[in-house]
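Report on the following structure.
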Amino acid sequence: LRQCPEDRQPIRERKQPHRVLCNQANDARVKCEECGWVGTREASRSHRCAPPAPSPAPAPAAPAVPERARVVPARVPAAPPQVPMPRPNRLRRSSAAGGLMLVAFLVDGTASMQPWMDGLRDNIVDAARELAALSNLDVRLALVLYRDIGDAERFVVLDFSPVTDFADFLGRQEAKDGGGDAAEDVLGGWHQLTAALSWREDAVCRACVWCGDAPG
(Lines give C-alpha, C1' and ligand atoms only; values in the text may rest on other atoms or scores of the structure.)
Protein backbone atom coordinates (compact mmCIF):
# COMPACT_ATOMS: atom_id res chain seq x y z
CA LEU A 1 0.00 0.00 0.00
CA ARG A 2 1.03 3.55 -0.60
CA GLN A 3 2.03 5.56 2.43
CA CYS A 4 0.79 8.90 3.43
CA PRO A 5 3.55 11.49 2.99
CA GLU A 6 2.59 13.12 6.27
CA ASP A 7 2.34 10.29 8.79
CA ARG A 8 3.97 7.51 6.73
CA GLN A 9 0.96 5.25 7.36
CA PRO A 10 -0.64 3.00 4.75
CA ILE A 11 -3.36 4.68 2.85
CA ARG A 12 -6.49 2.69 3.53
CA GLU A 13 -9.10 5.16 2.52
CA ARG A 14 -9.41 7.02 -0.75
CA LYS A 15 -11.47 9.89 0.43
CA GLN A 16 -11.27 13.15 -1.43
CA PRO A 17 -9.47 15.23 1.25
CA HIS A 18 -6.73 12.61 1.59
CA ARG A 19 -6.11 12.39 -2.16
CA VAL A 20 -5.71 16.16 -2.32
CA LEU A 21 -3.02 16.08 0.32
CA CYS A 22 -1.20 13.28 -1.49
CA ASN A 23 -1.31 15.12 -4.77
CA GLN A 24 0.08 18.28 -3.17
CA ALA A 25 2.85 16.33 -1.50
CA ASN A 26 3.80 14.55 -4.73
CA ASP A 27 3.87 17.83 -6.67
CA ALA A 28 6.21 19.48 -4.18
CA ARG A 29 9.63 20.43 -5.57
CA VAL A 30 12.63 18.65 -4.10
CA LYS A 31 16.36 18.85 -4.75
CA CYS A 32 18.95 16.09 -4.65
CA GLU A 33 21.76 16.98 -2.25
CA GLU A 34 24.30 14.78 -4.08
CA CYS A 35 23.95 15.84 -7.72
CA GLY A 36 21.79 18.95 -7.44
CA TRP A 37 18.84 17.43 -9.43
CA VAL A 38 15.55 19.34 -8.99
CA GLY A 39 12.09 17.84 -9.64
CA THR A 40 8.79 16.74 -8.07
CA ARG A 41 8.60 14.45 -5.11
CA GLU A 42 6.80 11.86 -7.27
CA ALA A 43 9.65 11.88 -9.79
CA SER A 44 12.27 11.65 -7.08
CA ARG A 45 11.31 8.05 -6.44
CA SER A 46 12.79 7.00 -9.80
CA HIS A 47 15.68 9.47 -9.73
CA ARG A 48 19.17 8.06 -9.81
CA CYS A 49 22.21 10.31 -9.50
CA ALA A 50 24.22 10.41 -12.70
CA PRO A 51 27.80 9.22 -12.35
CA PRO A 52 30.27 12.08 -12.07
CA ALA A 53 31.88 13.16 -15.32
CA PRO A 54 35.39 11.81 -15.65
CA SER A 55 38.05 14.40 -15.10
CA PRO A 56 40.09 15.23 -18.18
CA ALA A 57 43.27 13.29 -18.52
CA PRO A 58 46.37 15.35 -17.70
CA ALA A 59 48.43 16.48 -20.64
CA PRO A 60 51.52 14.40 -21.20
CA ALA A 61 54.61 15.96 -19.72
CA ALA A 62 57.19 17.29 -22.12
CA PRO A 63 60.22 15.05 -22.43
CA ALA A 64 63.16 16.18 -20.38
CA VAL A 65 65.85 17.90 -22.42
CA PRO A 66 69.38 16.80 -21.57
CA GLU A 67 71.59 19.47 -20.12
CA ARG A 68 73.94 19.32 -23.09
CA ALA A 69 71.08 19.67 -25.60
CA ARG A 70 69.68 22.84 -24.11
CA VAL A 71 70.07 25.93 -26.23
CA VAL A 72 71.25 28.85 -24.15
CA PRO A 73 70.89 32.23 -25.84
CA ALA A 74 74.26 33.84 -26.28
CA ARG A 75 74.86 37.10 -24.53
CA VAL A 76 75.51 39.90 -26.93
CA PRO A 77 78.29 42.09 -25.54
CA ALA A 78 77.44 45.71 -25.11
CA ALA A 79 78.79 48.02 -27.74
CA PRO A 80 81.89 49.89 -26.55
CA PRO A 81 81.43 53.59 -25.95
CA GLN A 82 82.11 55.73 -28.93
CA VAL A 83 85.37 57.59 -28.39
CA PRO A 84 85.62 60.71 -30.51
CA MET A 85 88.62 60.53 -32.75
CA PRO A 86 90.94 63.52 -32.49
CA ARG A 87 90.94 65.72 -35.50
CA PRO A 88 94.29 65.57 -37.30
CA ASN A 89 96.13 68.82 -36.97
CA ARG A 90 98.19 70.48 -39.63
CA LEU A 91 101.47 69.05 -38.35
CA ARG A 92 100.20 65.47 -38.29
CA ARG A 93 98.80 65.67 -41.82
CA SER A 94 102.01 67.18 -43.14
CA SER A 95 104.50 64.90 -41.37
CA ALA A 96 103.90 62.10 -43.87
CA ALA A 97 103.84 64.34 -46.93
CA GLY A 98 106.83 66.40 -45.81
CA GLY A 99 107.02 70.06 -44.90
CA LEU A 100 108.98 72.73 -43.09
CA MET A 101 109.04 72.89 -39.28
CA LEU A 102 110.49 76.00 -37.60
CA VAL A 103 111.42 75.94 -33.91
CA ALA A 104 113.10 78.90 -32.20
CA PHE A 105 114.79 78.74 -28.79
CA LEU A 106 114.88 81.79 -26.53
CA VAL A 107 117.65 81.15 -23.97
CA ASP A 108 118.98 83.10 -21.00
CA GLY A 109 122.70 83.57 -21.77
CA THR A 110 123.88 85.01 -18.43
CA ALA A 111 126.55 83.35 -16.26
CA SER A 112 124.01 81.63 -13.99
CA MET A 113 122.93 79.43 -16.93
CA GLN A 114 126.37 77.89 -17.57
CA PRO A 115 125.67 74.60 -15.67
CA TRP A 116 122.70 73.94 -18.01
CA MET A 117 124.13 75.05 -21.35
CA ASP A 118 125.70 71.71 -22.30
CA GLY A 119 122.64 69.70 -21.30
CA LEU A 120 120.37 72.14 -23.08
CA ARG A 121 122.32 71.74 -26.31
CA ASP A 122 122.33 67.94 -26.15
CA ASN A 123 118.59 67.67 -25.39
CA ILE A 124 117.61 70.09 -28.15
CA VAL A 125 119.74 68.36 -30.76
CA ASP A 126 118.56 64.86 -29.78
CA ALA A 127 114.90 65.90 -29.89
CA ALA A 128 115.28 67.60 -33.26
CA ARG A 129 117.09 64.65 -34.83
CA GLU A 130 114.55 62.15 -33.51
CA LEU A 131 111.68 64.24 -34.86
CA ALA A 132 113.32 64.46 -38.26
CA ALA A 133 113.98 60.70 -38.32
CA LEU A 134 110.37 59.77 -37.46
CA SER A 135 108.80 62.03 -40.07
CA ASN A 136 109.44 63.63 -43.42
CA LEU A 137 109.60 67.11 -41.93
CA ASP A 138 112.47 69.46 -42.68
CA VAL A 139 113.31 70.66 -39.15
CA ARG A 140 115.05 74.04 -38.87
CA LEU A 141 116.19 75.50 -35.53
CA ALA A 142 116.96 79.07 -34.48
CA LEU A 143 118.56 80.56 -31.36
CA VAL A 144 118.24 83.85 -29.50
CA LEU A 145 120.49 84.35 -26.45
CA TYR A 146 119.67 87.35 -24.27
CA ARG A 147 121.63 88.89 -21.40
CA ASP A 148 121.40 92.03 -19.24
CA ILE A 149 120.91 95.52 -20.55
CA GLY A 150 124.34 97.12 -20.86
CA ASP A 151 126.28 93.90 -21.49
CA ALA A 152 128.80 94.02 -24.33
CA GLU A 153 127.12 91.11 -26.13
CA ARG A 154 123.51 91.73 -25.23
CA PHE A 155 121.97 89.40 -27.86
CA VAL A 156 123.26 86.43 -29.87
CA VAL A 157 121.02 85.45 -32.80
CA LEU A 158 121.16 82.47 -35.16
CA ASP A 159 118.50 82.38 -37.87
CA PHE A 160 116.74 79.13 -38.79
CA SER A 161 119.37 76.56 -39.75
CA PRO A 162 119.72 72.77 -40.12
CA VAL A 163 120.06 70.76 -36.92
CA THR A 164 123.81 70.18 -37.40
CA ASP A 165 124.58 73.87 -37.84
CA PHE A 166 122.45 74.73 -34.84
CA ALA A 167 124.32 72.20 -32.65
CA ASP A 168 127.72 73.58 -33.70
CA PHE A 169 126.66 77.17 -33.07
CA LEU A 170 125.15 76.48 -29.66
CA GLY A 171 128.23 74.48 -28.64
CA ARG A 172 130.40 77.56 -29.15
CA GLN A 173 128.28 79.79 -26.92
CA GLU A 174 129.17 80.56 -23.31
CA ALA A 175 126.96 81.78 -20.53
CA LYS A 176 128.63 84.96 -19.32
CA ASP A 177 128.05 88.46 -17.97
CA GLY A 178 124.88 89.51 -16.21
CA GLY A 179 123.55 88.01 -13.04
CA GLY A 180 123.58 89.39 -9.52
CA ASP A 181 121.30 92.30 -10.36
CA ALA A 182 117.89 92.91 -11.86
CA ALA A 183 116.15 90.49 -14.22
CA GLU A 184 117.62 89.84 -17.66
CA ASP A 185 116.36 91.58 -20.79
CA VAL A 186 113.61 89.06 -21.50
CA LEU A 187 111.49 91.60 -23.38
CA GLY A 188 114.42 92.44 -25.65
CA GLY A 189 114.92 88.74 -26.34
CA TRP A 190 111.28 88.37 -27.39
CA HIS A 191 111.65 91.31 -29.72
CA GLN A 192 114.67 89.68 -31.38
CA LEU A 193 112.72 86.43 -31.65
CA THR A 194 109.87 88.04 -33.58
CA ALA A 195 111.81 90.64 -35.60
CA ALA A 196 115.24 89.15 -36.35
CA LEU A 197 114.23 85.62 -37.38
CA SER A 198 112.93 84.58 -40.80
CA TRP A 199 109.54 83.11 -39.96
CA ARG A 200 108.00 81.61 -43.10
CA GLU A 201 104.28 81.46 -43.75
CA ASP A 202 104.49 78.15 -45.62
CA ALA A 203 105.88 76.26 -42.60
CA VAL A 204 103.58 73.53 -41.32
CA CYS A 205 104.67 74.26 -37.74
CA ARG A 206 106.14 77.34 -36.06
CA ALA A 207 107.04 77.02 -32.39
CA CYS A 208 109.09 78.72 -29.69
CA VAL A 209 110.74 77.29 -26.55
CA TRP A 210 111.80 79.60 -23.72
CA CYS A 211 114.65 78.43 -21.42
CA GLY A 212 115.78 80.38 -18.37
CA ASP A 213 116.47 80.13 -14.64
CA ALA A 214 115.12 83.53 -13.52
CA PRO A 215 112.54 84.86 -15.99
CA GLY A 216 111.28 88.34 -15.21
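Side notes on the structure shown:
- Residues being free of Cβ contacts under 8 Å to residues at least 24 places away in the same chain and over 41 Å from the mean Cα position of the chain (by Cα) - total across region 119-139: 2
- Total residues in region 108-141 satisfying the condition of being at pLDDT 90 or above and under 17 Å from residue 186 (Cβ atoms): the figure is 0.
Per-residue answers, yes or no, for (1) under 23 Å from residue 200 (Cα atoms); (2) part of a helix (DSSP H, G or I):
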position: 100; (1), (2): yes, no
position: 113; (1), (2): no, yes
position: 117; (1), (2): no, yes
position: 123; (1), (2): no, yes
position: 158; (1), (2): yes, no
position: 166; (1), (2): yes, yes
position: 176; (1), (2): no, no
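The values are calculated or read from the model by the stated rules, or taken from the named source; none is laboratory data. Here the structure is a predicted model, which is why all the values come from computation and not from measurement. Every residue, glycine among them, receives a Cβ derived from its backbone with ideal geometry; neighbour counts consider all protein chains shown.
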